[in-house]
Amino acid sequence: MAIKKYLTENIILPLSDLITGNSVYDSLQFLNQSQYWSRIDLDRYQNARLRNLINHAYTNVPFYHELFLDMGLKPEDIQSKNDLHKLPIVTKDMLKMNKVKNLSGKIAKKDLVYLSSSGSTGEPFQFYSTKEKESINKAAAIRAWYWMGYKLGDKYVKLSMNPRPSYIKKLQDYFNNSLYLSSNQLISEELQRIYKEILSYNPKFVRCYPVPLQFLSREIASISKTYRGNSLVAINTTGSTLQDSVRDEIEKVFGVKIYDSYSCEGGTIFAQCSCSKYYHPAEECAISEFIEDAVTLSDARRPRRHITTDLFNYASPFIRYDTQDYIVLGGEKRCDCGRPFINIEQIRGRDSDIIRTPSGKLLIVENFVAYFEWITEVDQIQVIQEEIDKVIIKLVVNVGFTKEIEKNIYTYWTNYIGNDVELIIELVEKLNLTPTGKLRTVIRNPKIRLND
Ligand SMILES: [Zn+2]
């Protein structure tokens, strides 16, 4: 095991970069240094990258070139972050409609990475990125793990709602010293199996979405009150909003701190610090703006809408992209960790509603978005449970959608949800938004109780 750990730290990361054409190792070295820059140096770095990005987008990306012309702007009008407000906010719909126009012809095919994201609203969205961008993203995620005490090679468990897709990932798991556990059902039997596997692996870290982890901790509480492993150092959650009450419940059972994290397309990771309750964004990778809107005024905590500019994606740039997520800013005083990053107190991202079937099967947002993410003929989804035995999947589809695809979706979800539920697929023109303009992916009628 010691040899494997040595390999992971010193050889595997550079070697895997060599094979894949990525630059995670170099990016990580950079981020480990830059996190202790002064705020002035960080601002200077962001502004220099921003000017480069703006020049590139104006010259090589038709979508942004036209946008600049429409606004009567030239690249030299954007000299720093303070000038960003001159540009319009770009929405997901705009980028989806201009997928071809928002692709730079200057990036070599071998450096392109095709991605799909469901974002905070579960709305499928495919776009291009680059190997450089994905490398620094990965490195920023590793750095965030360092903040919770992790060292490359430490044992961790990743608990997911989706099966491990490829052998390459499985091989990576082996060298990363990680165990991938998957379950698509949050039922007692499955949770007990997962708990046993975690105990026998005895990891230092666990990574999971908040909702499955909450159910796992309830199962553990019913078996042995608290988690019985003796190596656990911390838990990392991601994917949907972590409610304070859920955090408390999980921390009590596992006896360790949760480090929550958030990421979005066109942006960078926001990860919790060990020195405070705050999240810090990896500001070397993206510029975040937090703007006031109607929601800000309607809420005592004054949440701000998160607008992001990705400083590394030169394939399909995201400049002033509306994430549709809200955050609550933390205090302006520098965090005790000494890093120059801003403090974020709370993140309100993806909803975390749950569907419960008569047989007790529980389905969460991630179950649905993982399936629909790559179905390019579907633009938006919404799953509504009004009665315990009736689930409606509403779909906004595009021209490529066929009866055959609809049949496949119906068959898949009928098998998945079970025959104690009537499933209806409904094709709609548009979906209803919340009063704050947000699309909720999963909506359960509150009269259907989770625990009966
Ligand atoms: Zn800090």
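Quick note: the coordinates plus some simple rules give every number you see, no bench work behind them. It should be emphasised that the depicted structure is a prediction, and the values quoted were computed from it without experimental measurement. Glycine gets a Cβ as well: all are built from the backbone with ideal geometry, and neighbour counts include every protein chain shown.
Among the trypsin sites (Lys or Arg not before Pro) in the stretch 213-250, those placed in a DSSP loop whose Cβ has at most 11 other Cβ atoms within 10 Å are Lys225. Distance check, please: which entries in Lys106/Lys133; Lys204/Lys252; Lys138/Lys169; Lys133/Lys204; Lys155/Lys257; Lys252/Lys333 exceed 20 angstrom between their Cα atoms? As for pairs spanning more than 20 Å Cα to Cα, those are Lys133/Lys204; Lys252/Lys333.
Compactness ratio of the chain: Cα Rg over 2.2 N^0.38 Å, N = residue count? Show your work: numbers first, answer last.
Details: Rg = 22.2 Å, N = 452, 2.2 N^0.38 = 22.5 Å.
Normalised Rg, Cα atoms only: 0.99.
Bridging of Lys92 to lysines at a Cα separation below 16 Å is possible for Lys101, Lys430, Lys438, once same-chain residues fewer than 8 apart are set aside. In this structure, the residue pairs whose Cα-Cα separation is over 29 Å, taken from Lys170/Lys277; Lys81/Lys131; Lys109/Lys407, are Lys170/Lys277; Lys109/Lys407. Dipole orientation for the chain: of the candidates Ile425, Tyr410, Val211, Val211 has the Cα lying most toward the positive pole (charges on Cβ; Lys, Arg +1; Asp, Glu -1). Over the Cα atoms of the stretch 354-444, each weighted equally, I'd like the Debye log10 I(q)/I(0) at q = 0.18, 0.19, 0.23 Å⁻¹, rounded to two decimals. The computed values of log10 I(q)/I(0) come out as -0.80, -0.89, -1.29.
Its Cα centre serving as origin, the chain has a Cβ charge dipole (Lys and Arg +1, Asp and Glu -1) of approximately 1100 debye.
Rounded to the nearest 20 debye, the dipole magnitude of the stretch 162-252 is 280 debye, with +1 charges on Lys and Arg beta carbons, -1 on Asp and Glu beta carbons, and the Cα centre as origin.
Its Cα centre serving as origin, the stretch 197-293 has a Cβ charge dipole (Lys and Arg +1, Asp and Glu -1) of approximately 780 debye.
Given a cut-off of under 8 Å on Cα pairs at least six residues apart, what relative contact order in percent is computed for the stretch 220-291? RCO, the stretch 220-291: 24 percent.
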